[in-house]
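The values are calculated or read from the model by the stated rules, or taken from the named source; none is laboratory data. Because the structure is predicted, anything quoted here is derived from the model rather than measured. Cβ sites come from the backbone with ideal geometry, for glycine too, and all protein chains shown count toward neighbours.
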Amino acid sequence: MSDQSKIRVGPAGWSYKDWEGVFYPPGMTRRKQHPLELVARCFDMVEINTSFYGHIKPEIAKLWARIVSEANPDFLFTAKLHRSFTHSPLAAMEPTSAVSIKPNDDDERLAREGLEALAATGKFGALLIQFPVSFKNTSLNREYLETLLRQFIEYPRVVEVRHSTWNNPETITYFEERNVSFCNIDQPQLGRSLEPTAHVTSAIGYVRLHGRNYDQWFEAEKSADRYNYLYKPNELEGWKERVESIAGKAKITFVVTNNHFEAKAGVNALQMKNMLTGKRVLAPEALIEHYPELKKIADPVGGGQSPESLPLLSDQRPA
């Protein structure tokens, strides 16, 4: 890695039922150990997924920051903007566009309260503004995006667009002029889906790997089935080269694995981290047992237990 840039690799979210006994040891929650503690021991970033489904509560943001600081002082969060700003509430019935997105005043207030609390901890790296593939590059959508970017201008902003109409020099220039990061993604190449890119339009480089589950991407019976994909090492190698190219131009680069089914995101994030650093990595013992291929690159992370004052907060949506 370049001395001029820092690459951080981690999963999208950490609280999934199918990670119990796979990423986390069985019964961990009963021992009062918070999942974030183990995540922070293995990675130096995680993307908050809960903020897409429900606004972050300020007291929860402060608690998360305290947990990761004790486990890994260098740890950072990135966070998704709430879906009310980026997705149609009737997304299954109509495509998302500026006409169908309808956030209200409470959405902005609640989103801002959580983001401000997280930023105040010094653990907030970037705000991810994620649009679906149906959000195309039209004049009306560009006007909406312009308003949204101004609305949250105080935060480092990353925009994820998935339709290929956004991949052009005009869009890149537009993002550069506004100091907004372009999110480079890996996704199944279906229809007009955005192809893999390596754009850098601000000081922050951002990459999200969603998996390549072509059969289940739009037809999955359960949303988690879309992310049931484990990248092969040769597939990650292609992204390693892109990540290094991005990091050579950015001050900090976030690489996020979103193929969360049965902790596959954890496996691929650790493999990517190993590829980028050339060093062995730390991994949960349960994950190494479940995915023996990790034995080639990973050592079991040491234990540890959060104080009993750090409850699991079951009221939070899975991240």
Within region 30-55, which residues are part of a helix (DSSP H, G or I) and surrounded by fewer than 16 Cβ atoms within 10 Å (Cβ to Cβ)?
Arg30, Arg31, Tyr53
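To keep it simple, each residue is scored yes or no on (1) more than 14 Å from the chain's Cα centre (by Cα); (2) buried (at least 22 other Cβ atoms within 10 Å of the Cβ).
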{"site": "Lys6", "(1), (2)": "yes, no"}
{"site": "Val9", "(1), (2)": "no, yes"}
{"site": "Asp18", "(1), (2)": "yes, no"}
{"site": "Trp64", "(1), (2)": "yes, yes"}
{"site": "Glu70", "(1), (2)": "yes, no"}
{"site": "Leu90", "(1), (2)": "yes, no"}
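Counting only residues that are out of contact with any helix residue (DSSP H, G or I) (no Cβ under 6 Å at 6 or more places or on another chain), surrounded by 15 or more Cβ atoms within 10 Å (Cβ to Cβ) and not β-branched (Val, Ile, Thr), how many does region 98-113 have? It would help to see each step written out before you state the result.
First pass over region 98-113, keeping only residues out of contact with any helix residue (DSSP H, G or I) (no Cβ under 6 Å at 6 or more places or on another chain): 99-102, 104-106, 108-112.
Pick out the ones that are also surrounded by 15 or more Cβ atoms within 10 Å (Cβ to Cβ) and you get 100-101, 108, 110-112.
Adding the requirement that they be not β-branched (Val, Ile, Thr) leaves 100, 108, 110-112.
So the answer is 5.
Enumerate the strands (runs of 3 or more DSSP E) found wholly within region 250-302, keeping only those where 1 or more residues are modelled with pLDDT of 95 or more and under 14 Å from the mean Cα position of the chain (by Cα).
Values: elements: 252-257, 281-283, 298-300.
Filter on region 250-302 gives 252-257.
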State whether one or more residues within region 56-69 are charged (D, E, K, R), farther than 18 Å from Glu113 by Cα and assigned to a loop (DSSP other than H, G, I, E, B).
no
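Could you list, in sequence order, the residues of region 98-116 that are of a type in the set (S, T, N, Q) and either part of a helix (DSSP H, G or I) or touching a Ser or Thr at 6+ places or on another chain (Cβ under 7 Å) (or both)? Break it down into steps so the answer makes sense when it comes.
Pass one, region 98-116, residues of a type in the set (S, T, N, Q): 100, 104.
If the condition is that a residue be of a type in the set (S, T, N, Q) and either part of a helix (DSSP H, G or I) or touching a Ser or Thr at 6+ places or on another chain (Cβ under 7 Å) (or both), then Ser100 is the only one that fits.
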Using beta carbons and a limit of 7 Å, which pairs, at least six apart or on different chains, have the first residue in region 6-29 and closer than 19 Å to Met272 by Cα and the second one basic (Lys, Arg) and not in a loop (DSSP other than H, G, I, E, B)?
Val9/Lys273
Residue pairs qualifying under the 9 Å Cβ cut-off, at least six apart or on distinct chains, with the first in region 131-155 being under 20 Å from Ile185 (Cβ atoms) and the second being modelled with pLDDT of 95 or more and among the charged types (D, E, K, R), are Phe131/Glu160; Asn137/Glu170; Leu148/Arg157; Leu149/Arg157; Leu149/Arg178
Sort out which residues of region 70-92 are farther than 30 Å from Phe135 by Cα and outside any loop (DSSP other than H, G, I, E, B), and write them in order of number.
Glu70, Ala71
